[in-house]
Amino acid sequence: MATEEFIIRIPPYHYIHVLDQNSNVSRVEVGPKTYIRQDNERVLFAPMRMVTVPPRHYCTVANPVSRDAQGLVLFDVTGQVRLRHADLEIRLAQDPFPLYPGEVLEKDITPLQVVLPNTALHLKALLDFEDKDGDKVVAGDEWLFEGPGTYIPRKEVEVVEIIQATIIRQNQALRLRAHKECWDRDGKERVTGEEWLVTTVGAYLPAVFEEVLDLVDAVILTEKTALHLRARRNFRDFRGVSRRTGEEWLVTVQDTEAHVPDVHEEVLGVVPITTLGPHNYCVILDPVGPDGKNQLGQKRVVKGEKSFFLQPGEQLEQGIQDVYVLSEQQGLLLRALQPLEEGEDEEKVSHQAGDHWLIRGPLEYVPSTSSTQPLGCWGWGPRVSPWAEGWPVGPALGRGYPPSLLRPLKLLETTTWCLYCT
């Protein structure tokens, strides 16, 4: 606020602006002094305290004065101070200074920003300039100022954001994506949109062009579980095996105890182990062959005692089934589904598709994959020959069998009886 007093006492570290109304030029008068105002002069405001920037602080001045190489203020021919209009100047800790006419304190005294460990400032250049090492920085360049340290602001640089490091624990991985072409912290070149995992345990500070997508937890595998995976694209997995897009496979505890799914792997689920007892068997449809591919239309019989994982594409025909256990007085009626041979050497017997025959206990019988089909199990009483010309006829037995098989029994004595076992 302007003052009309003629004698103005300016305390130490204070200043005033005086306007010469004849030349319309303003100047600065600093204390300590007693200033006597002339008739053609006007004091624009009462004595004001100089700007004092304490250590580890800064302020921003708009329209700063121009200075020569020695730091002296430059004036034009009229005595008016020269200003760098529309410019900014960052002023750090220094002796108290006045604001010249036209200068504006755009940002008040502010503490310098301390960047802690595992923290960084994302910086972006607004103007072209040369850094303290003499390297040229082009407008639009981005980089990180990593802690610990104190960031000294520049007028050509803006702080985009504060980046915190992500802690990667055991059995975890950090999923990253590249914003643009860059080099990661391991010195590997990345292209725009590429994704990858960082598995190193500890604090990871993403680079300026790296985006943190997720923190991925490992899947813990046991002897009874396996991880079912599918490839999103062609790549090489952690075992060095080349995978093609859409390929499916299992990861078991023999491969790794904890598996972190790669960015190119899709988790389809956890597969439980299939366990067969000593009197169990199962039929696997479309089994995986030696080449690692499913043999479509084929079957494979697996007999216990055994534990295994069903590979991708495999399934059980009728679940886990019991082995046929025949006693001395039991037999099993079989039908050939395709030509086959049974026995060894001289005892080898050939059967054609559709043939029916009976095998006699005691034994454990497991059907062949696609050769035989059990039709029923019979028991004989003590007065009936198990190798008679036919098989017993009854409501349960006769249902579904061809008439040629349903011939009467040869009676050894006067009484005949039979049992049908399912």
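State yes or no: is residue 283 surrounded by 13 or more Cβ atoms within 10 Å (Cβ to Cβ), within 27 Å of residue 232 (Cβ to Cβ) and in contact (Cβ under 8 Å) with a residue 60 or more places away in the chain?
No: the conditions fail for residue 283.
Output yes when any residue across region 225-236 is part of a loop (DSSP other than H, G, I, E, B) and open to solvent by less than 30 Å² (accessible area, probe 1.4 Å), and no when none is.
no
Can you name the condition, by its number, that residue 276 falls short on among (1) modelled with pLDDT of 90 or more; (2) open to solvent by 30 Å² or more (accessible area, probe 1.4 Å); (3) over 28 Å from residue 243 (Cβ atoms)?
In the conditions (1) modelled with pLDDT of 90 or more; (2) open to solvent by 30 Å² or more (accessible area, probe 1.4 Å); (3) over 28 Å from residue 243 (Cβ atoms), residue 276 misses (2) alone.
Restricting attention to region 58-87, report how many residues are surrounded by fewer than 16 Cβ atoms within 10 Å (Cβ to Cβ) and either part of a strand (DSSP E or B) or polar (S, T, N, Q) (or both).
The total comes to 6.
With the requirement that a residue be of a type in the set (Lys, Arg) and closer than 30 Å to residue 256 by Cα, what does region 144-171 give you?
Restricting attention to region 144-171, the residues satisfying the condition of being of a type in the set (Lys, Arg) are 154-155, 169.
Within region 144-171, just 169 meets the criteria.
Filtering region 312-328 down to residues that are assigned to a loop (DSSP other than H, G, I, E, B) and within 16 Å of residue 275 (Cβ to Cβ), which residue is most open to solvent (accessible area, probe 1.4 Å)?
Across region 312-328, the extreme among qualifying residues is 320.
If you go through region 245-266, how many residues are among the hydrophobic types (A, V, I, L, M, F, W, C), open to solvent by 20 Å² or more (accessible area, probe 1.4 Å) and within 18 Å of residue 199 (Cα to Cα)?
Looking only at that region, the number is 2.
Select, from 66, 26, the only residue that is closer than 30 Å to residue 90 by Cβ and under 56 Å from the mean Cα position of the chain (by Cα).
Of the residues listed, the single one that is closer than 30 Å to residue 90 by Cβ and under 56 Å from the mean Cα position of the chain (by Cα) is 66.
Which one is nearest to residue 65 (Cα to Cα) among residues in region 5-39 that are in a loop (DSSP other than H, G, I, E, B), open to solvent by 50 Å² or more (accessible area, probe 1.4 Å) and touching a strand residue (DSSP E or B) at 6+ places or on another chain (Cβ under 8 Å)?
Step by step, filter region 5-39, then rank; the result is 13.
Taking region 196-221 only, how many residues are under 30 Å from residue 254 (Cβ atoms), in a loop (DSSP other than H, G, I, E, B) and open to solvent by 40 Å² or more (accessible area, probe 1.4 Å)?
3
The values are calculated or read from the model by the stated rules, or taken from the named source; none is laboratory data. Keep in mind that what you see is a predicted model, and the values were worked out from it rather than measured. All Cβ positions, even for glycine, are placed from backbone atoms using ideal geometry, and neighbour counts span all protein chains on display. With ligands, DNA and RNA removed, areas are computed over all heavy atoms of the protein, side chains included. Shrake-Rupley method; radii C 1.70, N 1.55, O 1.52, S 1.80 Å.
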